[in-house]
Amino acid sequence: MKTKAVIDRFEKDLAVLIVGEEEDKLVVPRASLPQGIKEGQWLQVEVEDDRIISAVVDEEETARAKQRIADKLTRLRRGGHLKLLAQALYAKRHHSPLLGRTLYHSSTGWGTH
């Protein structure tokens, strides 16, 4: 069966792949993969009985993954997620699902009801 896989990491002469939509872990000999393969690269693989029958680097999927990561890093650097958190924390009232209560802020600090 052909499916997508990503190189998660290398451990000595072994490669750990995350395979398919189920994200199954598969450990294979590094030598069974294309020469020069790197962590984070995507492959089109054919797996049979937990063995790699064929593996080809998927340049398009690798490029898409790199772009997704770059976009996330850009958003994090802009700090948009921190602004939302600050708004929630400094609001007069904030319902906390973790506490199951509403937080109130007064001149003496935070309290719950």
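Of the residues A31, A55, A70, which is among the small types (G, A, S) and either more than 22 Å from T3 (Cα to Cα) or at pLDDT below 85 (or both)? If you could, list the steps in order and put the result at the bottom.
Values: A31 fails: either more than 22 Å from T3 (Cα to Cα) or at pLDDT below 85 (or both); A55 fails: either more than 22 Å from T3 (Cα to Cα) or at pLDDT below 85 (or both).
Going through A31, A55, A70 in turn, just one is among the small types (G, A, S) and either more than 22 Å from T3 (Cα to Cα) or at pLDDT below 85 (or both): A70.
Pull out all pairs, ordered by first then second residue, where Cβ-Cβ is under 6 Å, the residues are six or more apart or on different chains, the first lies in region 5-32 and is farther than 14 Å from I52 by Cβ and without any contact (Cβ under 8 Å) to a residue 40 or more places away in the chain, and the second is aliphatic (A, V, I, L, M) and not in a loop (DSSP other than H, G, I, E, B).
Pairs that qualify, where the first residue is farther than 14 Å from I52 by Cβ and without any contact (Cβ under 8 Å) to a residue 40 or more places away in the chain and the partner is aliphatic (A, V, I, L, M) and not in a loop (DSSP other than H, G, I, E, B), are D8/V16; D8/I18; R9/V16.
The values are calculated or read from the model by the stated rules, or taken from the named source; none is laboratory data. Everything numeric here is computed off the predicted structure, so don't read it as measured data. Glycine also receives a Cβ, built like all others from the backbone with ideal geometry; neighbour counts cover every protein chain displayed.
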